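What follows is a single structure, written as structure tokens, with notes after it.
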Amino acid sequence: MTQQNKNKLDSAHKSHPRSFLESKYVYPVLSRRSGGISIGINLSPERVCNFNCVYCQVKNEPIVAEVEKLTESEMLDQIERELIDLTQKVYNGELFEFEPFCNIDEKYRKLCDYSFSGDGEPTSFPGFDQVCAKIADIKKQYAKDDVKIVLITNSTLLHKPKVQEGLAVLDLNNGEIWAKLDAGTEEYYQIVNRSAVSFQKIIDNILRTAQKRPIKIQTLFMEILGKGPDEKEIDAYVEKLNYLTGNGAVIISVQIHTIARQPAESYASSLADDEIDRIASYVHEKTELKVESYYGSKF
């Protein structure tokens, strides 16, 4: 790959705008983790989230044009229309006429997944189970069988009945859960994620969820005031992973990444590539889990 093409690819990977053309809830991104196009579903355009992460890039991004207040039924219909339209644009190639997608290699021009992500915690949406059902129907009608439905979640609400119903739909439709776990201790969790939900609740929800189906763990480590997580914190994190697997949680892999876009707090910055690799290697050694490294950018 030439340096010019690498720069274009890096630029596309870092471009995650939450709007595309006239869409309000659905948007395309080139995903590093998926290896192609991910269609994002933003159920929180008003930025409703029960985490206040120091590394969150959403706070530094422009707010999408104000979304018209819709009933839940109207919103579901709007999401359905946008999903169908964008899915068709990927398959007929129209998406790749737009920046930054026109610059990416052919091998990345494939639909890999529908992803619940966006500007807040997706499981906080009251009709989460209904959205899961909508996406499953659209996937069956318009997408290839190997396309996944990915839930990126902070795990705070996985115990809720409506969320459980949504997860059951995902289980039947090539679904995958990426559960956030950014700490090993309550103290560090509060420094990083700053939530009223207890750290133990996160662990409990991940455990119950991963006892029923395989999941991925997604972890962001960073420098805070110039220092990365210390050995005690990394050991506590490893201990939590071993606690989960030791009690029946099935973890497909652990994704260890760092800050890639401008964070909410100026005192938070990305770890160096070799530090990410060092932590990933240590976690693999101590847990025997598959661990993947993803690098960041300095600001």
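Using a Förster radius of 30 Å, what is the FRET efficiency between GLU106 and ASP171 based on their Cβ-Cβ separation? Nearest 0.05, please. Each step should come with its number before you reach the end.
Values: r = 33 Å, r/R0 = 1.09.
Efficiency at R0 = 30 Å is approximately 0.40.
Please list, ordered by chain and number, the residues whose modelled amide H lies under 5 Å from the amide H of GLU292; skip anything fewer than 5 residues away on the same chain.
Amide H neighbours of GLU292: VAL254, GLN255, ILE256.
Identify, among TYR25, ALA143, VAL291, the residue whose Cα sits farthest towards the positive end of the charge dipole of the chain, taking +1 on the Cβ of Lys and Arg and -1 on the Cβ of Asp and Glu, with the dipole about the Cα centre.
ALA143
Which length gain, in nm to one decimal place, applies between ARG208 and ASN92 when the Cα-Cα distance is subtracted from 0.36 nm times their residue separation? The partial results should precede the final answer.
Values: separation 116, 0.36 × 116 = 41.76 nm, distance 4.03 nm.
So the extension gain works out to 37.7 nm.
Nearest 20 debye, what's the magnitude of the dipole of the stretch 144-216 about its Cα centre given +1 on Lys and Arg Cβ and -1 on Asp and Glu Cβ? Provide the component values of the computation, followed by the final result.
Values: 11 positive and 9 negative charges, 27 e Å.
Dipole about the Cα centre, nearest 20: 140 debye.
To check you understand DSSP bridge types, tell me what percent of the beta bridges within the chain (both residues inside) are antiparallel, rounded to 5.
On the way: 11 of 37 bridges.
Just about 30 percent of them are antiparallel.
Only bridges whose two residues both fall in the stretch 142-299 count here: according to DSSP, what percent of them are antiparallel, nearest 5?
Numbers: 4 of 21 bridges.
The antiparallel fraction comes to roughly 20 percent.
Please name which of ALA183, GLN164, GLY40 has its Cα lying farthest along the dipole of the chain towards the positive end, using unit charges on Cβ (Lys, Arg +1; Asp, Glu -1) and the Cα centre as origin.
GLN164
So for the stretch 251-299, averaging the separation of alpha carbon pairs under 8 Å that are six or more residues apart and normalising by length, what relative contact order in percent results? Numbers along the way, then the final one.
On the way: 70 pairs, mean separation 27.3, N = 49.
So the answer I get is 56 percent.
Could you work out the helix-only [θ] at 222 nm for the chain, with each DSSP H run of four or more residues adding -39,500 (n - 2.57) and the total divided by the number of residues, to the nearest 500 deg cm²/dmol?
On the way: 8 runs with 109 residues, N = 299.
Only helices count here, giving -11500 deg cm²/dmol.
Could you go through the stretch 52-57 in sequence order and give the Karplus-derived ³J(HN,Hα) for each residue, using 6.51 cos²θ - 1.76 cosθ + 1.60 with θ = phi - 60°, rounded to whole Hz, and x for Gly and Pro?
Here the 3J(HN,Hα) series is 9, 5, 5, 9, 4, 8 Hz.
For the stretch 114-125, take each phi angle, set θ = phi - 60°, evaluate the Karplus expression 6.51 cos²θ - 1.76 cosθ + 1.60, and give the result in whole Hz per residue in order, putting x for glycine and proline.
Residue by residue, the stretch 114-125 yields 9, 10, 6, 8, x, 9, x, 6, x, 6, 7, 5 Hz.
Non-local amide H neighbours of ILE177 (under 5 Å, H modeled in plane, Pro and chain starts lacking H): which ones?
Long-range HN contacts for ILE177: LEU151, LYS216.
Let me spell out the model: positive unit charges on the Cβ of Lys and Arg, negative unit charges on the Cβ of Asp and Glu, origin at the Cα centre of the chain. What dipole size does that give, in debye rounded to 20?
Details: 37 positive and 45 negative charges, 60 e Å.
Once rounded to the nearest 20, the dipole reads 280 debye.
Identify which of LYS69, LYS212, LYS134 has the largest mean-square fluctuation in a Gaussian network model of the chain, with springs joining Cα atoms closer than 10 Å.
LYS69
For the chain, just give the cysteines left without a disulfide-compatible partner, judged by no other Cys Cβ under 4.7 Å.
Within the chain, the cysteines lacking a partner Cβ under 4.7 Å are CYS49, CYS102, CYS112, CYS132.
Check ASP119: other-chain or 5+ apart residues with amide H under 5 Å from its amide H, H built from backbone geometry?
For ASP119, the qualifying residues are LEU43, SER44.
Over the chain, calculate the relative contact order: mean separation of alpha carbon pairs under 8 Å at least 6 apart, over the residue count, as a percent. Walk me through the numbers before you get to the answer.
Numbers: 554 pairs, mean separation 50.7, N = 299.
The value is 17 percent.
Gain in length, LYS160 to ASN52, computed as 0.36 nm per residue apart minus the alpha-carbon separation, to one decimal in nm? Intermediate results must be reported in sequence, preceding the final value.
Numbers: separation 108, 0.36 × 108 = 38.88 nm, distance 2.08 nm.
Additional length available on full extension: 36.8 nm.
Using the structure shown, list the pairs from LYS212/LYS240; LYS110/LYS162; LYS144/LYS240 with a Cα-Cα distance above 26 Å, or answer none. Could the numbers behind the result be given before it?
Numbers: LYS212/LYS240 18 Å; LYS110/LYS162 31 Å; LYS144/LYS240 36 Å.
As for pairs spanning more than 26 Å Cα to Cα, those are LYS110/LYS162; LYS144/LYS240.
Give me the distance between the Cα centres of the stretch 171-218 and the stretch 220-235, rounded to whole Å.
Each part's Cα centre sits 19 Å from the other's.
Just want to confirm a number: the relative contact order over the stretch 152-299, from Cα pairs under 8 angstrom separated by 6+ residues, in percent.
On the way: 243 pairs, mean separation 33.6, N = 148.
The value is 23 percent.
Determine ³J(HN,Hα), in whole Hz, for all residues of the stretch 97-106 in sequence, where each value follows from phi through the Karplus function 6.51 cos²θ - 1.76 cosθ + 1.60 and θ = phi - 60°; x replaces Gly and Pro.
3J(HN,Hα) across the stretch 97-106, in whole Hz: 8, 9, 5, x, 6, 5, 9, 8, 5, 4.
We did not get these values from a lab; they are worked out from the coordinates using the rules stated. Keep in mind that what you see is a predicted model, and the values were worked out from it rather than measured. Note that each Cβ is placed from the backbone with ideal geometry, even for glycine, and that neighbours are counted across all protein chains shown.
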